[in-house]
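One structure below.
The values are calculated or read from the model by the stated rules, or taken from the named source; none is laboratory data. These numbers were taken from a predicted model, which means no experiment stands behind them. Glycine gets a Cβ as well: all are built from the backbone with ideal geometry, and neighbour counts include every protein chain shown. Please note that ligands, DNA and RNA were not included when accessible areas were found on the heavy atoms of the full protein model with its side chains. Shrake-Rupley method; radii C 1.70, N 1.55, O 1.52, S 1.80 Å.
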Amino acid sequence: MTNFMPHSSDRISVQKTAVVIGATGNLGSAIVEALRAEGYAIDETWTGLDRPDATKASSYADLPPRIDMAVYAAGTSVVKPIQELTEKEWSEVMDVNVNGAFLFARAAYEALKKAKGTFVAISSMNSMHPYPKRAPYTTSKAAIEGLVRQLAIEWGNDGISTHAIRLGPLNKLMKVVKPFANPVMLEATKKRLPQHELIPAEAVASYIAWLGAGNAQWVTGAVIDFDAGFSLNAYPLV
């Protein structure tokens with residue numbers, strides 16, 4: 001049974017419901033906190049270590065009956081040259097990054113329709129600017145963007161808006177890639193960013209909460225470059 005509980009505050013009257021898949025990750029946890037601060041009731045099913053498997057259809061059988069904000073932030077990666085990738089490794093990344101998003105969207109549709117809610121999926125600048133040795137990750141994020149565009153066309157008449165966030169370099173890496181973090185690469189990345197700082201996960205979370213307030217309903221299906229100018233900066237003297 002879904003353990004669906006509001007954030008504990010006597011001063012906040014919770015009227016909106018949020019489901020965040022990938023809520024235990026560094027970005028996901030920041031999204032949960034930002035939505036709680038806005039008075040959302042969070043589906044606690046996905047916030048604990050005993051969360052369901054996001055790649056299984058059965059995991060979405062007990063979603064809340066009304067969903068104002070649905071966020072798919074689950075993600076994984078394999079860092080390996082494509083010629084060395086196994087089919088299992090490829091499939092695992094695609095299952096988490098794409099198939100899970102499809103299963104979630106399909107299961108959440110009626111609840112989103114009831115709320116005229118917002119669906120957000122996390123993409124990556126790698127979908128347009130690939131890094132070496134990340135073929136399944138890059139491919140999966142390009143697919144996520146296609147899914148978000150498709151949902152905008154199919155769900156627009158139901159009042160549901162859909163958004164993909166094409167993330168740049170965050171100050172909190174995906175837990176799965178932390179062991180591969182290269183300090184030299186991180187410093188080089190900071191130099192290329194116009195602000196010379198990595199993007200705070202909290203800033204992304206705040207933007208998602210802003211989307212949930214209906215502030216971008218008429219840009220549904222859009223892919224937002226949330227990379228602090230990283231992909232635009234071709235200036236050679238960093």
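Just one residue in the set Glu154, Glu145, Glu187, Glu202 is among the acidic types (Asp, Glu), closer than 30 Å to Ala41 by Cβ and without any contact (Cβ under 8 Å) to a residue 24 or more places away in the chain; that residue is Glu154. Ala107 passes every criterion in (1) over 30 Å from Phe230 (Cβ atoms); (2) assigned to a loop (DSSP other than H, G, I, E, B); (3) among the aliphatic types (A, V, I, L, M) apart from (2). I'm trying to understand the selection: among the residues of region 192-212, which are over 17 Å from Ile144 (Cβ atoms), aliphatic (A, V, I, L, M) and under 17 Å from the mean Cα position of the chain (by Cα)? Once the filter is applied, which keeps residues that are over 17 Å from Ile144 (Cβ atoms), aliphatic (A, V, I, L, M) and under 17 Å from the mean Cα position of the chain (by Cα), region 192-212 yields Ile199, Ala201, Ala203, Ala205, Ala209.
Suppose the filter is buried (at least 19 other Cβ atoms within 10 Å of the Cβ), of a type outside the set (Asp, Glu) and assigned to a helix (DSSP H, G or I); does Val148 pass it?
Spelling it out, Val148 is indeed buried (at least 19 other Cβ atoms within 10 Å of the Cβ), of a type outside the set (Asp, Glu) and assigned to a helix (DSSP H, G or I).
Under 6 Å between Cβ atoms, at least 6 apart or on separate chains: pull out the pairs that start in region 210-228 with a residue that is within 19 Å of Met125 (Cβ to Cβ) and polar (S, T, N, Q) and end on any residue that is at pLDDT 95 or above and surrounded by 14 or more Cβ atoms within 10 Å (Cβ to Cβ). Cβ pairs passing all conditions: none. Annotation note: Cβ proximity below 7 Å between a residue of region 77-95 that is part of a loop (DSSP other than H, G, I, E, B) and a residue that is open to solvent by 60 Å² or more (accessible area, probe 1.4 Å) (sequence gap 6+ or interchain) occurs for Val79/Lys133; Val79/Phe180; Lys80/Lys133; Pro81/Lys133. Test Lys114 against the criterion of being open to solvent by 50 Å² or more (accessible area, probe 1.4 Å) and either on the phi < 0 side of the Ramachandran plot or outside any helix (DSSP H, G or I) (or both), and give yes or no. In short, yes.
No other residue among Ile160, Ile165, Ile144 is touching a Gly at 6+ places or on another chain (Cβ under 8 Å) and at pLDDT 90 or above apart from Ile160. Pick from region 28-79 the residues that are within 19 Å of Ala107 (Cβ to Cβ) and among the polar types (S, T, N, Q): which of them is most open to solvent (accessible area, probe 1.4 Å)? Across region 28-79, the extreme among qualifying residues is Ser58.
When Leu232 is tested against (1) surrounded by 13 or more Cβ atoms within 10 Å (Cβ to Cβ); (2) at pLDDT 85 or above, just one condition goes unmet, and that condition is (1). Here Thr118 passes the criteria (1) farther than 18 Å from Leu147 by Cα; (2) in contact with a Leu (Cβ under 7 Å, 6 or more places away or on another chain) except the one numbered (1).
With respect to the stated conditions, Phe119 is in contact with a His (Cβ under 8 Å, 6 or more places away or on another chain) and either within 19 Å of Leu63 (Cβ to Cβ) or open to solvent by less than 20 Å² (accessible area, probe 1.4 Å) (or both).
Of the listed requirements (1) over 17 Å from Val20 (Cα atoms); (2) part of a strand (DSSP E or B), His163 misses just one: (1). Of everything in region 190-229 that is at pLDDT 95 or above and among the polar types (S, T, N, Q), the residue that is surrounded by the fewest Cβ atoms within 10 Å (Cβ to Cβ) is Ser206.
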